[in-house]
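Trainee: Please see the structure below; I have some questions.
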Amino acid sequence: MATILDVGQYITELLPGVDKMKLYKLCYFSQGWHLAWTGKPLFADEFEGWRHGPVSPQLRHHTEAAAKGYTVAEVPGGESARLSAYEAAVVARTVEFYGKQKSTDLSELSHGAAWQATRSGLGPDNPGTNVLSLTNIRDEFSELLHAQTSRPSAPAINQISPDTTTDDMISQAIALEKEWDPVFDLLATR
């Protein structure tokens with residue numbers, strides 16, 4: 001599984017000179033859409049409900065020293081090559097969809113139900129350190145899939161080469177089924 005540092009690094013490659021707030025929000029949106037499209041997290045790192053939206057303390061810690069003012073040229077410890085083709089496609093689709101928007105607009109967009117749940121009882125100036133629930137993030141972005149609003153388009157999960165043998169396809173299908181077992185189990189309980 002990739003880390004948020006890997007995702008952040010890939011975003012700096014797609015958007016050279018990205019500012020910190022935009023980087024943090026694009027990582028959050030990438031996590032949200034990956035959860036909605038696959039039922040699984042893109043990375044295990046957590047987000048906290050900070051005043052200006054969800055922020056990963058780990059990503060912030062790694063980018064603070066590397067940032068040149070407000071912009072981030074690279075994420076120390078992050079390697080975009082660790083992303084699978086599908087993970088990279090999710091991040092690329094997210095950046096393509098949200099990347100031209102202002103950081104402040106992305107901050108406002110990140111103030112959905114998952115973030116609001118962490119801010120309950122906190123004043124607007126309270127920095128907040130409550131962790132956003134993956135379930136809440138998944139539910140929020142899954143609802144957006146069914147809303148009549150624009151959103152990034154999901155990348156294809158698996159491409160099959162025309163040169164693939166029947167045995168290879170069966171092996172891929174078995175591996176894919178095992179990979180999706182937790183999602184099927186989750187859906188069976190709903």
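Trainee: Look through the range 109-124, keep the residues that are over 16 Å from the mean Cα position of the chain (by Cα) and surrounded by 14 or more Cβ atoms within 10 Å (Cβ to Cβ), and return whichever of them is farthest from SER56 (Cα to Cα).
Mentor: LEU122
Trainee: Within the range 89-109, does at least one residue satisfy the condition of being β-branched (Val, Ile, Thr), touching a Gly at 6+ places or on another chain (Cβ under 7 Å) and either in the same structural domain as GLY39 (by the TED database) or part of a helix (DSSP H, G or I) (or both)? Outline the logic, then answer.
Mentor: Pass one, the range 89-109, residues β-branched (Val, Ile, Thr): 90-91, 94-95, 104.
With touching a Gly at 6+ places or on another chain (Cβ under 7 Å) added as a condition, the list becomes none.
Checking the range 89-109: not a single residue is β-branched (Val, Ile, Thr), touching a Gly at 6+ places or on another chain (Cβ under 7 Å) and either in the same structural domain as GLY39 (by the TED database) or part of a helix (DSSP H, G or I) (or both).
Trainee: Is the range 79-88 home to any residue that is within 23 Å of HIS52 (Cβ to Cβ) and buried (at least 16 other Cβ atoms within 10 Å of the Cβ)? So that I can check it myself, show each step before the final result.
Mentor: Just the residues of the range 79-88 that are within 23 Å of HIS52 (Cβ to Cβ), to begin with: none.
Within the range 79-88 (the criterion being within 23 Å of HIS52 (Cβ to Cβ) and buried (at least 16 other Cβ atoms within 10 Å of the Cβ)), the answer is no, since none of the residues qualifies.
Trainee: If you scan the range 88-107, which residues turn out to be more than 16 Å from the chain's Cα centre (by Cα) and of a type in the set (D, E, K, R)?
Mentor: Within the range 88-107, LYS100, LYS102, ASP105 meet the criteria.
Trainee: Test GLU79 against the criterion of being under 15 Å from TYR24 (Cα atoms), among the acidic types (Asp, Glu) and touching a residue at least 24 places away in the same chain (Cβ under 8 Å), and give yes or no. Before you say what the answer is, go through the steps one by one.
Mentor: Details: under 15 Å from TYR24 (Cα atoms): no; among the acidic types (Asp, Glu): yes; touching a residue at least 24 places away in the same chain (Cβ under 8 Å): yes.
So GLU79 does not fit the description; no.
Trainee: Can you tell me which of (1) over 28 Å from TRP180 (Cα atoms); (2) under 12 Å from the mean Cα position of the chain (by Cα) is the one LEU134 doesn't meet?
Mentor: (1)
Trainee: Here's something else I'd like to know. Restrict the check to the range 113-126 and report whether at least one residue is farther than 21 Å from GLU46 by Cα, touching a helix residue (DSSP H, G or I) at 6+ places or on another chain (Cβ under 6 Å) and among the aliphatic types (A, V, I, L, M).
Mentor: no
The values are calculated or read from the model by the stated rules, or taken from the named source; none is laboratory data. Please read all numbers here as calculations on a predicted model, not as lab measurements. A quick note on method: Cβ atoms are made from the backbone with ideal geometry, for glycine too, and the neighbour counts reach across all protein chains shown.
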